[in-house]
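**Q** Here it is, the structure in full.
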Amino acid sequence: MLEKILSKEVVAPVVIIFFSIITYGVLSRIVKRLFRIKSKRVNEKRQKTFVGLVNNVIKYFIVLVALMMILEIYGIDTKSLVASLGVASLVAGLALQDLLKDVIAGFSIILEDQYSVGDIVSINGFTGTVQTLGLKTTKLKALTGEVRMIANRNIMELTNYSVDDNTSFVDVSISYDSNVEEVKAFLTEVCETLSKELKLTKSAQCLGVEKLADSSVNFRIAITSSYADKFQLARRFQERIKAECDKKGIVIAYPQLVIHNG
């Protein structure tokens with residue numbers, strides 16, 4: 001009875017299963033540690049998703065290897081079984097090659113940390129906020145409300161506007177009759193005051209004269225902010241500049257046409 005219990009067919013599978021569990025635990029910890037080192041911008045939700053996916057792949061691989069080893073112990077020819085599985089995998093791979101490309105591209109996006117949920121990006125000419133980021137598709141929502149689903153394998157051109165601050169420009173057209181130095185000093189003061197009110201991390205700057213146009217002297221203001229705020233801030237600055245110009249009596253130029261009677 002004891003010999004049957006301690007036989008190869010009983011002990012070996014138990015040992016294989018035991019070492020498989022230990023191997024899976026060690027590899028899963030290594031994956032977590034490596035992912036934390038490589039990725040600094042990834043949020044906790046994305047990190048858990050990625051680690052879970054990799055751990056599943058590792059788990060299925062270990063289970064498959066352990067199963068093949070156990071079958072060998074019981075005298076089952078695993079070589080022919082592996083050959084059959086190889087043919088089946090080839091057929092499945094050909095049928096699902098687009099899906100596999102999406103998954104590989106999805107892993108690449110996550111590993112390289114190209115963008116995250118909530119980032120404003122432009123993909124293949126379509127600009128919007130990342131709603132969802134999956135291994136198969138990326139979902140974008142434009143500022144005007146359109147939603148587009150893009151297969152990860154089809155992402156050819158990518159611009160991420162949320163990685164760093166953006167600079168937007170506001171041009172102010174002033175009459176040629178105005179004094180250039182006085183206008184520049186006035187616009188500089190407006191920029192500093194409004195930047196403090198809006199609590200901007202970097203104060204807006206009046207860069208000076210940008211262009212001598214047909215009917216005006218154009219001054220340029222540079223505003224540094226996130227991409228999401230740049231359009232709203234440009235509107236706020238234009239509104240304040242118009243109000244302050246009215247108070248100071250500074251004429252904002254507009255196109256004029258002079259007609260001479262012959």
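The values are calculated or read from the model by the stated rules, or taken from the named source; none is laboratory data. For clarity, every value in this text was computed on a predicted model and none was experimentally measured. In this analysis, Cβ positions are derived from the backbone assuming ideal geometry, glycine residues included, and neighbour counts consider all displayed protein chains.
**Q** Pick out the one residue from Thr129, Thr201, Thr144, Thr138 that is in the same structural domain as Phe231 (by TED's automatic domain parsing) and β-branched (Val, Ile, Thr).
**A** Values: Thr129 fails: in the same structural domain as Phe231 (by TED's automatic domain parsing); Thr144 fails: in the same structural domain as Phe231 (by TED's automatic domain parsing); Thr138 fails: in the same structural domain as Phe231 (by TED's automatic domain parsing).
Testing whether each residue is in the same structural domain as Phe231 (by TED's automatic domain parsing) and β-branched (Val, Ile, Thr) leaves just Thr201.
**Q** So which of Val57, Val42, Val87 ends up being more than 30 Å from the chain's Cα centre (by Cα) and either at pLDDT 80 or above or under 28 Å from Arg153 (Cβ atoms) (or both)?
**A** On the way: Val57 fails: more than 30 Å from the chain's Cα centre (by Cα); Val42 fails: more than 30 Å from the chain's Cα centre (by Cα).
Residue meeting the stated conditions: Val87.
**Q** Follow-up question, since we're still on this one. If I filter the stretch 245-253 for residues that are closer than 30 Å to Tyr115 by Cα and loosely packed, with under 15 Cβ neighbours inside 10 Å, do I get at least one hit? Show your work before the answer.
**A** The first filter runs over the stretch 245-253 and keeps only residues closer than 30 Å to Tyr115 by Cα, leaving none.
No - not one qualifying residue is present in the stretch 245-253.
**Q** Another one. Are any of the residues in the stretch 217-231 in contact (Cβ under 8 Å) with a residue 24 or more places away in the chain and touching a Gly at 6+ places or on another chain (Cβ under 8 Å)?
**A** yes
**Q** Hey, could you check the stretch 133-149 for residues that are of a type in the set (D, E, K, R) and assigned to a loop (DSSP other than H, G, I, E, B) and say which is nearest to the chain's Cα centre (by Cα)? Steps first, answer last, please.
**A** Taking the stretch 133-149 first, the residues of a type in the set (D, E, K, R) are 136, 139, 141, 146, 148.
Applying the additional criterion that residues be assigned to a loop (DSSP other than H, G, I, E, B) yields 136, 146.
Details: Lys136: 15, Glu146: 18 Å.
Of everything passing the filter in the stretch 133-149, Lys136 is nearest to the chain's Cα centre (by Cα).
**Q** Residues being modelled with pLDDT under 90, farther than 30 Å from Gln131 by Cα and assigned to a strand (DSSP E or B): count how many of those fall in the stretch 162-210.
**A** Residues that pass the stated criteria total 0.
**Q** Condition check: assigned to a helix (DSSP H, G or I) and under 25 Å from Asn160 (Cβ atoms). Does Gln232 satisfy that? Explain how you work it out, then say what you get.
**A** On the way: assigned to a helix (DSSP H, G or I): yes; under 25 Å from Asn160 (Cβ atoms): yes.
So Gln232 passes the test.
**Q** Right, another one. Which is in contact with a Gly (Cβ under 8 Å, 6 or more places away or on another chain) and surrounded by fewer than 17 Cβ atoms within 10 Å (Cβ to Cβ), of Leu158, Leu143, Leu111, Leu135? Write out each step before concluding.
**A** Numbers: Leu158 fails: in contact with a Gly (Cβ under 8 Å, 6 or more places away or on another chain); Leu111 fails: in contact with a Gly (Cβ under 8 Å, 6 or more places away or on another chain); Leu135 fails: surrounded by fewer than 17 Cβ atoms within 10 Å (Cβ to Cβ).
Leu143 is the lone residue from the list that is in contact with a Gly (Cβ under 8 Å, 6 or more places away or on another chain) and surrounded by fewer than 17 Cβ atoms within 10 Å (Cβ to Cβ).
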